[in-house]
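The structure appears right after this line, and notes come after that.
The values are calculated or read from the model by the stated rules, or taken from the named source; none is laboratory data. Model, not experiment: these values are computed from the prediction. Cβ atoms come from the backbone with ideal geometry, glycine included; neighbour counts cover every protein chain shown. Ligands, DNA and RNA are excluded from the accessible area calculation, which covers all protein heavy atoms including side chains. Shrake-Rupley method; radii C 1.70, N 1.55, O 1.52, S 1.80 Å.
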Amino acid sequence: MRESGILLPVFSLPSNYGIGCFSKEAYEFVDQLKAAGQSKWQILPLGPTGYGDSPYQSFSTFAGNPYFIDLEALIQEGLLTEEECMAYDFGTQEDRIDYEKLYFTRFKVLYQAYQRFAGQKGGDYEKFIEENKEWLEAYCLFMALKNKHDGVSWKEWKAPYRDRNIQALEEAAKELAVEIDFYRFLQYEFSRQWEALHAYANRNGVQIIGDIPIYVAFDSADTWAAPELFQFNEENEPRAVAGCPPDGFSATGQLWGNPLYDWEYHKRTEYAWWIRRIVHSLKLYDMVRIDHFRGFDEYYAIPYGDKTAEHGTWMPGPGIEFFRIIEEKLGRPNIIAEDLGFLTDSVLKMLEDTGFPGMKVIQFAFDSRESANYLPHTYTPNCVVYTGTHDNDTTKGWYRNAGRECREFAKEYLYKDELDEGEQAWDFIVMAMGSVAGLCVIPIQDYLCRNSDARINTPSTLGNNWVWRLKKGEISNTLTKEIRRMTQLYSRLSPGRTTL
């Protein structure tokens, strides 16, 4: 079956309070997807973000981002007033997120809601705590202790808390009981609101594609509560960290800095932690993209403390055994493999053995630095094609900044003398839509023909990432009709939506 969808992070939705969230605008976007004949909405990880605001560097692999809680829903429930929300400055730019202002304001207004909620706790709240206690209690204690230590990394906490001294943690749980419960409340509200939005999308024929970062952040509840999962020394410092080696895009490689897994430990436990993680993700989403799929075959280990990624070593990952055990325990999961970049024969064999669809990016097709062939005529149906991902420039921005050789090749491949600057992105959308790929996902910025100012992320940089937002009304009825017309033309309309 041929399908299509749109890539738009939750934080990039319009809303009244500084950041995209599970507000009425999210429901309106689902309606727009339906009207446009789309069957998929792809988002980025939903976890609580830390330094750098990246959804790929979260304080927990299981928790949800409190920023996504819809304040207007809390107003309707009587937990907040509109005046209380309006009293805070969440940022004044409609199309940009001001994370600093959110950090200093959002938790204050959410705490006001918690204070009213504390006297109204019911069975659903207690049920949520019981069902999620395996990760929830450690996360809430972690966040309360993090605040107690002025937000610094857990490696800089006082020794009894850093090293998880049982008596110290028991005393902290009593001392910080209210704050811990506040964080439980945030996760309860996040879960409740997301489940409602997810259900609404499904009722309207839209499935959610979520995202699992292969690695977790060093400063996270995951590493603090379970250091045995990672390659740590006796002082709970990483022996090596994650990244990518130098290539045509970066002379010194990419130093991500995430801790690496102790795969031997995971193997002894039959990958129990990973299975819990995937089960949790498949409750949140209908389909999951696993980031950096290659890392399960081989991972790049950079000595801890290095300033660049130049001196790393490739090490063996768990390989196909990992996915076979996942399938034994869970059945065949609905997974997309992020298999971009240089792929060895063993990675390609692992991808083939899993049967997961890989990814194709149209922008890469015309870049001589890419070793793989991303030209549409080479695809097979078992793949997902994108014009670009959250890590790419918008297609219009990419084409404008690409080298002459790249642009000339693109024009030749499209069999055009020139590409109209105002509608350039649509030429590449047509290429993706018309390919044999089973699923085609287009970033909303490309449908809007936006320039580089609408880019989501520039890898290996800090600042001005993860901040772009849609303006209210930017997706017009005319645009949804045009998307639907193209979707029908290339036989990608979802079932039951076969007419204009």
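General observations
- Gained length - H280 relative to E156, 0.36 nm times residue gap less alpha-carbon distance: 41.6 nm
- Assigned charges on the beta-carbon of Lys, Arg, Asp, Glu; the chain dipole about Cα centre (debye): 1000
- The chain - percent of accessible surface contributed by carbon and sulfur, probe 1.4 Å: 49
- Segment F249-R485, length gained on full extension (0.36 nm per residue, minus Cα span): 81.3 nm
- A value for volume of the Cα convex hull per residue in Å³ was derived from the coordinates, and within the list (i) 150; (ii) 165; (iii) 191 it appears as (i).
- Of the residues A309, V347, G388, the one whose Cα sits farthest toward the positive end of the charge dipole of the stretch 292-447, with +1 on the Cβ of Lys and Arg and -1 on the Cβ of Asp and Glu, is V347.
- R0 of 30 Å, Cβ-Cβ distance K148-R116: FRET efficiency to nearest 0.05: 0.75
- Bridge type composition, the chain - antiparallel percent by DSSP, nearest 5: 35
- Å² of accessible area per residue within the chain, as computed with a 1.4 Å probe and no ligands counted: 43
- The chymotrypsin sites (Phe, Trp or Tyr not before Pro) of the stretch 1-51 meeting both criteria, a DSSP state outside H, G, I, E and B (loop) and at most 15 other C-beta atoms within 10 angstrom of the site's C-beta, are Y51.
- Neighbour cut-off at most 14 other Cβ (10 Å), DSSP loop, chymotrypsin sites (Phe, Trp or Tyr not before Pro), the stretch 363-435: Y415
- In the stretch 213-255, chymotrypsin sites (Phe, Trp or Tyr not before Pro) in a DSSP loop with at most 15 other beta-carbon atoms within 10 Å: F249
- For the stretch 364-406, the square roots of the Cα gyration tensor eigenvalues, ordered a ≥ b ≥ c, give a/c of at least 1.5 with a/b no greater than b/c, which places it in the oblate category.
- For D95, residues with placed amide H under 5 Å, excluding near neighbours: none
- Seen through its C-alpha gyration tensor, with square-root eigenvalues sorted a ≥ b ≥ c, the stretch 339-410 comes out prolate because a/c lies at 1.5 or above while a/b is bigger than b/c.
- Per-pair calculated FRET efficiency, R0 = 22 Å: S368 and Y413 via Cβ, rounded to 0.05: 0.95
- Around the amide H of E3, modelled in the peptide plane, lie the amide H atoms of L439, C440, all under 5 Å away and 5 or more residues distant in sequence or on another chain.
- Per-residue HN-Hα couplings for the stretch 73-83 [Karplus 6.51, -1.76, 1.60; θ = phi - 60°; Hz; x = Gly/Pro]: 5, 5, 5, 5, 7, x, 8, 9, 10, 4, 4
- What the phi angles of the stretch 272-277 give under the Karplus curve with 6.51, -1.76 and 1.60, with θ = phi - 60°, is a coupling list of 4, 5, 5, 5, 4, 5 Hz, glycine and proline written as x.
- Taking a ≥ b ≥ c as the square roots of the Cα gyration tensor eigenvalues, the stretch 1-155 comes out rounded, since a/c falls below 1.5.
- When the listed pairs K148/K472; K127/K148; K34/K329; K329/K360; K127/K349; K108/K471 are checked against a 32 Å cut-off, the alpha-carbon distance exceeds it for K148/K472; K34/K329; K127/K349.
- 17 Å Cα-Cα reach of K155 towards aspartates and glutamates, excluding residues that sit fewer than 8 places from it in its own chain: D163, D219, D222, E228, E234, E235, E237
- Part-to-part distance (alpha-carbon centres) for the stretch 424-452 and the stretch 320-395, which is given in Å: 18
- Whole-Å distance, taken between Cα centres, linking the stretch 461-475 and the stretch 84-120: 19
- Residues of the stretch 42-62 with amide N under 19 Å of the 7 Å Cα→Cβ point at T458: 52-56
- Added length on full extension, which subtracts the Cα-Cα distance from 0.36 nm per residue, T378 to K127: 85.3 nm
- Database remark: amide H of I335 closer than 5 angstrom to the amide H of V288 (H placed geometrically; neighbours at sequence offset of 5 or more, or on other chains; Pro and chain starts carry no H).
- Karplus-derived HN-Hα couplings along the stretch 303-315 (A = 6.51, B = -1.76, C = 1.60, θ = phi - 60°), whole Hz, x at Gly and Pro: x, 4, x, 5, 8, 9, 9, 6, 10, x, 9, 6, 10
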